[in-house]
Structures are given as structure tokens and as C-alpha cells.
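Chemist: If you scroll down you'll find the structure; I have some questions about it.
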Amino acid sequence: MENKKKQGKLKRILAKRGMGQVITVTIGLVALVIVFALLNPYFLTGRNISNLLRQIAPTLLTGIGQSYVLITGNIDLSIGSVVGMSCMTSATLMTKGVNPWVAVLITYLACLLIGLLNGKLISKAKLPAFIATLGTMTIARGIAQIVNNNYNTDSIGEAAEGFMNFFYYGKTLGLFNTIWITIVIWLVFNFLLSRTRTGRHLYAVGSNMHAAHLSGVNISSTVTKAYLVSAFCSATVGLITTATSGMGTMDAGNGYELYAVAASVIGGVSTLGGQGILLGTVIGASVWGVLQNGLQFAGAPVAIRNIVIGVIVIITVLLDLVVRQNKKVGTGKVGTGKTTSIGLKHKA
Amino acid sequence: MRDINLSLYEGEILGIAGLMGAGRTETTRAIFGADPKESGQIFIEGEEVKIQRPLDAIKAGLVLVPEDRAKNGLCTALSVRENIALPNLDIIASQWGVVNPKKEKEIVEESVQNFDIKMAGVEARADSLSGGNQQKVIVSKWLARNSKVVMFDEPTRGIDVASKVEIYEIMNDLKRQGIGVLFVSSELPEILGISDRILVMADGKITKELDVKDATQDVILTYATKFERKIN
């Protein structure tokens, strides 16, 4: 009896949305780490792990935003440009003598406007997410270029030392602040997604917009919330980028939207909407980071790393589609098979 | 669709008959606030309620079991639990919007028991259930809250005979509890068998109101095709 109860609990954890893929990918991640550790003894040193975590942070942060958007059945292509816009806006303001924390606030507000625009274009004006965010991607990159008259900024200077330590160089309790920031943001958004009404609405909209609408869910505000979360995460990554290099670069964040997609889908967030958990995004971003870092150690050039990541993204999305299709056929065919299992349940 | 005027009494089943395209689904959706409407007034228990969107209707106790379960009724990839909880999150979640799992479990389990929903468990995907049980999930999610009016749009389409009977029983149950039931169906025998009153629609208008005692398939068909005959 006691044993049965335990089994039931384990089953429930496994049956939790997306948990299956998270476990599979975690096994893959462990395998990758072992391979790279065998190839290079320095891979598993404390220093490299610490660096690795800091390297993963931007991908995980943008991945959290992209996961939110993917769960609603949309996509955000503007992520990389918003990172660039955040980087350039904050750095330009700081070089102009604005207090760094005021600059941070203005940067967040500006980036959230892009998120708001994304959300409203898609949910109110009914533009396809792909087109709407392709447009805002170009707009945000344009803003990144225009804020400092088409030049990268000068050094943000000593006045911004506190800012740089807060977002990148400083350590708290032995861990880089970047990692702490990522952990806090993950905890907040994971709670929002898994434990709140808004989270339920996000999944419902992604699973079936019509049914969600008829269940009283406000589609527009739900989709907009997802894009706001994404813009917030991208803005944070932009600030981290500014803190890292101590200046604003116009092409900062180039291609990050795809890394964010990679982290999400490798971690089991479906591109079809309604499925995935943020724990998966952590594992997905880690796979991405370990591959980047490990291949770098192994001496592979950037080009090869890009190709490997691209191939992995395509394979995971393909697997997701195939698995989902099979499931659909399965339920259609074995309607009676399900009934048998119910009979058993009734007896027990 | 215009000039639709209907009243529904508590503890009554009002059938709406008509041919495909007569405007029955549009009527239920307009009442529910699913599609925008130009004008119109809705009174529940004598008080006017403003319904601009489904949430307004739900709050007023007016709910819809829509046509086409898979497309409009269920989040098919989500679990039975999540589907039942979805419109009831205002009850399940705290004022800050945090879901209370214990409360959720209570409400979901009660719904499953009340409607005898057969499935592998509340965590099973909604689309793994049979058509009849899917329909019961939709009805149960609405009755987990104190709904006063339940509109059914073609609830028995594409489900097996045994489940059909169960759906009829549910409607009769609701009637006994004093809930107003609006029942849209294209199948004349079932609408004749279960309704107290029948409205016949044709071309977006109500062409006849019939007491069930006076209604026969022939009479209904006459009024359902009235418009077309005029053309001829």
C-alpha cells in the first residue's frame, strides 16, 4: 500500500508537463559534461565552472523570455535587438553623465515599450508573431544605432563602477552577481508561470486560444504579458553586456533570439505552444553553454560551434513535432484502449 | 442576425431548433460575449448585465458549452485538471493570483465525481478522453461555480449513444436544480424529447415559439424552412 502510494507520487512527478523531456535532456547534458571533462581536464575546474555559469546566464535569461512567448504559441525575434538597444541606451546615457541607476530605469522602460508593442501588434492587430517581431527587431536595432549617432559609445567610466560590479564583475557569497541576478529572475518567473493564474492563462492561450477565450481568459493581456517578460529579460541581458565591456556596442545581442529559442526547445518548450517548463529552459541553456564552452576548449572555431548548435536545434524541434504527431494518432486510434485502463482504475 | 428576443425561465429547458446556418450558434456566442455585438440587452433574474466579453458572462452566471469541443471547448493538450480549473481560477487563486493547489484539487475532484468523468486520472490530457467524457469536462468546469444559465450548443454531436443519454440526464438535472438551460440542436428527436419550449430559427431570426405539446418534427421543419419557401 505504502509502496503503491510512493509509485503514484513518482508517476505524478514524471507525468508533470514536459518533465519527460527535461529528464532525457538532463541525461544528455551529463553525458556531454563527462565527454568534455575526459577531453580536457580543465573543463571541470572551479574556475571554468564559474565562468561557464556566467556564460550561460545571458542565454538562460533570454531563454526565459522566449519560453514565455513560445508557451503562448508565439515567437519573439526581437530579443537580440532589444539586448542591443538596452546596451546602447544604457551606455549612451551613462557616457552623457546620467546617474547609472537612472539610466538602468530608463533602459528598462524603453525596452518594455518594445515588448508592449510586440504584444499589442500580435494580440490586437492580429499580426503573425513572426512578422510583428521581425519588424520590431529591425526597429530596436535601429534605435540601438541611432541613440549614439551610429557610433559605439566611449567607456562608461568610473562613475559606473557600482553598476558594472552589480551586473557583472562583483561577487556575492562566492558567486558572480550575474549568476545571482539570473537565479532571482528565474525564481520569480518560474513561480509566476507555475503557480499563478497568469501562468495558467499563458498555457491555456498557447494550447487553444479559442477555448481559452471562451473560458474567460483575456487573450490580449496574456500575450502582452509574455512579451513584456521577454523584453524585461532582454533588457537585463543588455545591461549585463554593458557592464561586461564597459561600453555600448551597436551589434550587441546579435543572434541571441535564436540562442533563446535553442535553450527553450532543447529544454522541451514546444514551438507549438502550451507546453514546457522553465526548469527545461535551464537545462537547455546549460546544454548550449556546455557545447559552446566545451567546443571552445576542444579548439573548435566559432563557425563550427554555430553549426553544431543550429543542427541540434533543428533536430530537437523535429523530434518534438514527430513525437507530438505520433501522440495524436495514438489517442485517435486507441480510444477503446484508454477505456480498459479506466476499468482497472474503477476496480481499485 | 437581428431582432432576437428570447426569455428563459429558471428550471426550464429551452430548445433552439433550426437548420445549419440559421444563426443559432451565432446567437449563443453573442449572448455569451464571444463575438462583438452591435447592441442588445441581457437580463438575468430581472437585472440587466453588461456582457462585452465571456468573462462578463461567466461572472454573471451565464455560461456556454460551445459547438466543436476540440476547437472551442477544451485546451486539448492540457490536463483535465487544468481544463476544469481554468475558468474557476478566480475561486481557486488568492487575490494576488496565486493558485491554491489544495483548493484546486478539491474543486476538480468534486467535479469529476459529480459528473462521473471516466479517464486515466485528472492529469490525463483532455484529448485522451472519449467525446462524451470531454463534453462532461466542459460542463463540469462551468458547474464548479454557481452558474444560473447554461447554454449547450450541439452538445451531443459526435458522441456515442450512452454518452448522449448522460448529457440529457445532466440537462434534466440542471433543470431540477433550477438552472435555466438553453439547448441548441440540429437533431429534432432529441430537441423534441427534452425541451419544455422550442424556438425555431431561420435566417438569423426566430420564426416561431412552440410549446413542446404542440411541436412535431413537421411543424418545426415548416418554420425552419420558412424563409426559403418565401423565396420560392
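The values are calculated or read from the model by the stated rules, or taken from the named source; none is laboratory data. Worth saying up front: this structure is predicted, and the values here are computed from it rather than measured. Please note: Cβ atoms are built from the backbone with ideal geometry, for glycine as well, and neighbour counts cover all protein chains shown. Note: accessible area is taken over every heavy atom of the protein model, side chains too, but ligands, DNA and RNA are not part of it. Shrake-Rupley method; radii C 1.70, N 1.55, O 1.52, S 1.80 Å.
Chemist: Condition check: open to solvent by less than 10 Å² (accessible area, probe 1.4 Å), in contact with a Ser or Thr (Cβ under 6 Å, 6 or more places away or on another chain) and more than 7 Å from chain A (Cβ to nearest Cβ). Does B:Ile84 satisfy that?
Modeler: Numbers: open to solvent by less than 10 Å² (accessible area, probe 1.4 Å): yes; in contact with a Ser or Thr (Cβ under 6 Å, 6 or more places away or on another chain): yes; more than 7 Å from chain A (Cβ to nearest Cβ): yes.
Yes; evaluated as a whole, the condition is true for this residue.
Chemist: Follow-up question, since we're still on this one. Just to confirm my filter: which helices (runs of 4 or more DSSP H) fall fully inside the range A:29-130 and include at least 2 residues that are exposed (fewer than 15 other Cβ atoms within 10 Å of the Cβ)? First the steps, then the outcome.
Modeler: Values: elements: A:46-71, A:79-95, A:100-123.
Qualifying helices (runs of 4 or more DSSP H): A:46-71, A:100-123.
Chemist: Taking the residues in the range A:132-189 that are among the hydroxyl-bearing types (Ser, Thr, Tyr) and surrounded by 14 or more Cβ atoms within 10 Å (Cβ to Cβ) as candidates, determine which candidate is farthest from A:Asn118 (Cα to Cα).
Modeler: A:Tyr169
Chemist: Would you list the helices (runs of 4 or more DSSP H) that sit entirely within the range A:153-217 and hold 3 or more residues that are within 14 Å of chain B (Cβ to nearest Cβ) and on the phi < 0 side of the Ramachandran plot? Working first, answer last.
Modeler: On the way: elements: A:161-164, A:177-195, A:197-207, A:209-214.
Once the helices (runs of 4 or more DSSP H) in the range A:153-217 are filtered for at least 3 residues that are within 14 Å of chain B (Cβ to nearest Cβ) and on the phi < 0 side of the Ramachandran plot, what remains is A:177-195, A:197-207, A:209-214.
Chemist: Among B:Asn100, B:Asn114, which is the only one that is more than 15 Å from the chain's Cα centre (by Cα) and in contact (Cβ under 8 Å) with a residue 12 or more places away in the chain? Working first, answer last.
Modeler: Numbers: B:Asn100 fails: in contact (Cβ under 8 Å) with a residue 12 or more places away in the chain.
One residue alone meets the criteria, B:Asn114.
Chemist: A follow-up question, please. Specify the residue that is nearest to the other protein chains (Cβ to nearest Cβ); the eligible residues are those in the range B:18-77 that are more than 20 Å from B:Trp142 (Cβ to Cβ) and of a type in the set (A, V, I, L, M).
Modeler: B:Ala77
Chemist: Any residue at all in the range B:124-131 that is under 17 Å from the mean Cα position of the chain (by Cα), of a type outside the set (D, E, K, R) and either more than 10 Å from every other protein chain (Cβ to nearest Cβ) or surrounded by fewer than 20 Cβ atoms within 10 Å (Cβ to Cβ) (or both)?
Modeler: So in the range B:124-131, the residues under 17 Å from the mean Cα position of the chain (by Cα) come out as B:131.
After this cut, where a residue has to be of a type outside the set (D, E, K, R) as well, the list is B:131.
From what's left, either more than 10 Å from every other protein chain (Cβ to nearest Cβ) or surrounded by fewer than 20 Cβ atoms within 10 Å (Cβ to Cβ) (or both): B:131.
Yes, there is a match, as at least one residue in the range B:124-131 is under 17 Å from the mean Cα position of the chain (by Cα), of a type outside the set (D, E, K, R) and either more than 10 Å from every other protein chain (Cβ to nearest Cβ) or surrounded by fewer than 20 Cβ atoms within 10 Å (Cβ to Cβ) (or both).
Chemist: Here is a check on your reading of the model: is B:Arg69 closer than 13 Å to A:Leu214 by Cα, open to solvent by less than 60 Å² (accessible area, probe 1.4 Å) and at pLDDT below 90? Show your work before the answer.
Modeler: Details: closer than 13 Å to A:Leu214 by Cα: yes; open to solvent by less than 60 Å² (accessible area, probe 1.4 Å): yes; at pLDDT below 90: yes.
Judged against the criteria, B:Arg69 is a match.
Chemist: Going through A:Gly199, A:Gly246, A:Gly216 one at a time, which residue ends up being touching a residue at least 40 places away in the same chain (Cβ under 8 Å) and open to solvent by less than 40 Å² (accessible area, probe 1.4 Å)?
Modeler: Values: A:Gly199 fails: touching a residue at least 40 places away in the same chain (Cβ under 8 Å); A:Gly216 fails: touching a residue at least 40 places away in the same chain (Cβ under 8 Å).
After applying the criteria, what remains is A:Gly246.
Chemist: Also, quick follow-up: Could you tell me which residue of the range B:94-123 is least open to solvent (accessible area, probe 1.4 Å), considering only residues that are within 26 Å of B:Arg157 (Cα to Cα) and polar (S, T, N, Q)?
Modeler: Only one residue fits best here, namely B:Ser111.
Chemist: While we're on this one: Scanning the range B:47-58 for residues that are more than 12 Å from B:Phe32 (Cβ to Cβ) and open to solvent by 100 Å² or more (accessible area, probe 1.4 Å), which turns out modelled with the lowest pLDDT?
Modeler: First pass over the range B:47-58, keeping only residues more than 12 Å from B:Phe32 (Cβ to Cβ): B:47-48, B:50.
After this cut, where a residue has to be open to solvent by 100 Å² or more (accessible area, probe 1.4 Å) as well, the list is B:47, B:50.
Working: B:Glu47: 83, B:Lys50: 88.
Among residues in the range B:47-58 that are more than 12 Å from B:Phe32 (Cβ to Cβ) and open to solvent by 100 Å² or more (accessible area, probe 1.4 Å), the one modelled with the lowest pLDDT is B:Glu47.
Chemist: Can you list the helices (runs of 4 or more DSSP H) lying wholly within the range B:139-232 that have 2 or more residues being modelled with pLDDT of 85 or more, open to solvent by 30 Å² or more (accessible area, probe 1.4 Å) and on the phi > 0 side of the Ramachandran plot? I'd like the intermediate steps shown before the answer.
Modeler: Values: elements: B:161-176, B:188-194, B:217-224, B:226-231.
The helices (runs of 4 or more DSSP H) meeting that bar number zero.
Chemist: Still on this structure, please answer the following. Scan the range B:16-42 and report the pairs whose first residue is over 11 Å from B:Asp203 (Cα atoms) and assigned to a helix (DSSP H, G or I) and whose second residue is open to solvent by 10 Å² or more (accessible area, probe 1.4 Å) and charged (D, E, K, R), with Cβ atoms within less than 7 Å and a gap of 6+ or a chain change.
Modeler: Listed pairs, sorted by first residue: B:Thr25/B:Glu67; B:Arg29/B:Asp35; B:Ala30/B:Lys37.
Chemist: Would you call A:Ser230 at pLDDT 90 or above, within 25 Å of A:Val102 (Cβ to Cβ) and open to solvent by 60 Å² or more (accessible area, probe 1.4 Å)? Lay out the reasoning, then the answer.
Modeler: Working: at pLDDT 90 or above: yes; within 25 Å of A:Val102 (Cβ to Cβ): yes; open to solvent by 60 Å² or more (accessible area, probe 1.4 Å): no.
The answer is no for A:Ser230.
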